[in-house]
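Here's the structure, in structure tokens; my notes come after.
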Amino acid sequence: DLFGSLGQPNLALRCQQLRQLIAQYDHEYYVLDAPSVPDSEYDLVYRDLQDIERQHPNLITPDSPTQRVSGSAANAFNSITHRQAMLSLNNAFEDSELEAFDKRVREALGQEQVEYAVEPKFDGLAITLTYENGIFTQGATRGDGYTGEDVTHNLRTVRSIPMRLNCENAPKLLEVRGEVLMFKRDFEKLNQAQLAKGEKLFANPRNAAAGSLRQLDAKITATRPLSFFAYGLGVADGAPALGSHSMAMDYLANLYFPVSEVRQLVMGVTGLRDYYQKIGQLRNELPFDIDGVVYKVNQFNQQNELGFVSRAPRWAIAHKFPAQEALTVVEDINVQ
Ligand SMILES: NC(=O)c1c(N)nc(OC2CCCC2)nc1O[C@@H]1CCC[C@@H]1O
């Protein structure tokens, strides 16, 4: 038969090729929103992999897309201590605080103007992803910044989180920090489905994302439309030398991680202010909720020079928008 002639080694290679192809298709569909093949083609490739794995379970690998929804329901989350603390951010609300931040940074660095990496402040749930030799092995919530909950199985179900790194010589260890969130449109659809099922409605996308991620049964998480954006690195062992936050984001984008498309590099406090205004205008059009923007000194050597105050860095602050009145009201849907 077909498989007899292929033999094990070739089958293993065939599985690897199928996994790689599906990882590419997932990236195009869930991250770039630009599939290169129709769903019918995707389903054929996926079924090929499933058939081989069903006949040869020894060929199943943890990064196989067929393993995204797996694992039985646990009765509690294990506690994970982060190799590198997941710090929080000091907030600025007034323009005067912005001036003060930039002034402190300029004086500490002895520099006229500072280059900042700026990006939206995603309003979701902070998590950390661990990749060992290019394979996703563990995921955890931020928790108190030092220990979080092991939500590995749940994170496997998030299609925009890659199960393997898209590179040849993968780093021995790579920790990726980011935010799990739910897009506004997916949140509306979820609440309409909840309503139709007579189940409770979620208050907002952030609560829906947090509630979905902290399900003990990953099969429930798999039914929820979760997304992810990377915004930083934790421990990186064997990764190429990255000198700045913007370089780290480029590196992650090449590894198939979703990163913000509206991130920028700006100079000085004027650059910060302009970006805050720009995103403030864009806010309601963005497909996801944000509660501000984040400014980071871009160069890592300058970040190291500035260090942290208690648990938050001196080199970064969030600039919050005024809280939006609770406007996510599910309009009356005439439920039959
Ligand atoms: N929510 C965000 O979009 C975000 C971001 N874009 N960038 C950072 O960089 C921080 C992480 C540690 C030092 C700088 N943090 C963010 O969120 C933080 C994570 C934990 C508390 C805040 O929500």
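Of note:
- A count restricted to the stretch 276-295 and to residues that are within 11 Å of the ligand (Cβ to nearest atom) and open to solvent by 20 Å² or more (accessible area, probe 1.4 Å) stands at 2.
- Test for PRO258: is it open to solvent by less than 30 Å² (accessible area, probe 1.4 Å) and either within 17 Å of ALA117 (Cα to Cα) or at pLDDT 95 or above (or both): yes
- Restricting the stretch 115-145 to residues that are within 16 Å of the ligand (Cβ to nearest atom) and outside any strand (DSSP E or B), the residue that is surrounded by the fewest Cβ atoms within 10 Å (Cβ to Cβ): ASP144
- Qualifying residue in the stretch 165-172 (condition: surrounded by 14 or more Cβ atoms within 10 Å (Cβ to Cβ) and within 30 Å of GLN113 (Cβ to Cβ)): no
- Residue match in the stretch 32-45 (condition: open to solvent by less than 60 Å² (accessible area, probe 1.4 Å) and in a loop (DSSP other than H, G, I, E, B)): yes
- Extreme residue, nearest to the ligand (Cβ to nearest atom), among residues of the stretch 74-84 that are open to solvent by less than 60 Å² (accessible area, probe 1.4 Å) and at pLDDT 95 or above: HIS82
- Applying the criterion of being farther than 22 Å from GLU28 by Cα and assigned to a helix (DSSP H, G or I) to the residues of the stretch 150-186, the residue that is nearest to the ligand (Cβ to nearest atom) is THR152.
- Filtered residues of the stretch 49-73 (kept if open to solvent by 50 Å² or more (accessible area, probe 1.4 Å), touching a residue at least 24 places away in the same chain (Cβ under 8 Å) and assigned to a helix (DSSP H, G or I)): GLN55
The values are calculated or read from the model by the stated rules, or taken from the named source; none is laboratory data. All of these numbers come straight from a predicted model, not from anything done at the bench. Note that we place each Cβ from the backbone using ideal geometry, even for glycine, and neighbour counts take in every protein chain shown. With ligands, DNA and RNA removed, areas are computed over all heavy atoms of the protein, side chains included. Shrake-Rupley method; radii C 1.70, N 1.55, O 1.52, S 1.80 Å.
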